[in-house]
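Here the structure comes first, spelled out in structure tokens, and everything after it is commentary.
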Amino acid sequence: MDIMATKTITITLDAYKKLRAKKASNESFTDIILKLTRKKNTLDYIRSLKTNTELADNIGKNDAGNKKSKTQKVDL
């Protein structure tokens, strides 16, 4: 048996509507609040925008390639 503590909060109607709009039908408000407030890396953030997954994938590939690169000292 899971016991879950609860806390009542007050938010504006505008904030409630925006939160409800982000929520999927199978998600609770707790689920969406936790999802929106978790720490994300840049790539996860870009993917969460759902505007251009191709861009996010390319950034991810570029990032992976940069990790394999070696830096070199250059005298100018």
Would you please name the residue that is modelled with the lowest pLDDT, looking only at residues in segment 24-48 that are closer than 23 Å to ILE11 by Cβ and outside any helix (DSSP H, G or I)? LYS40
Would you point out the residue of segment 1-36, among those that are touching a helix residue (DSSP H, G or I) at 6+ places or on another chain (Cβ under 7 Å), among the aliphatic types (A, V, I, L, M) and within 15 Å of SER48 (Cβ to Cβ), that is surrounded by the fewest Cβ atoms within 10 Å (Cβ to Cβ)? LEU36
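The values are calculated or read from the model by the stated rules, or taken from the named source; none is laboratory data. Everything quoted here is computed from the prediction, not taken from an experiment. Note that we place each Cβ from the backbone using ideal geometry, even for glycine, and neighbour counts take in every protein chain shown.
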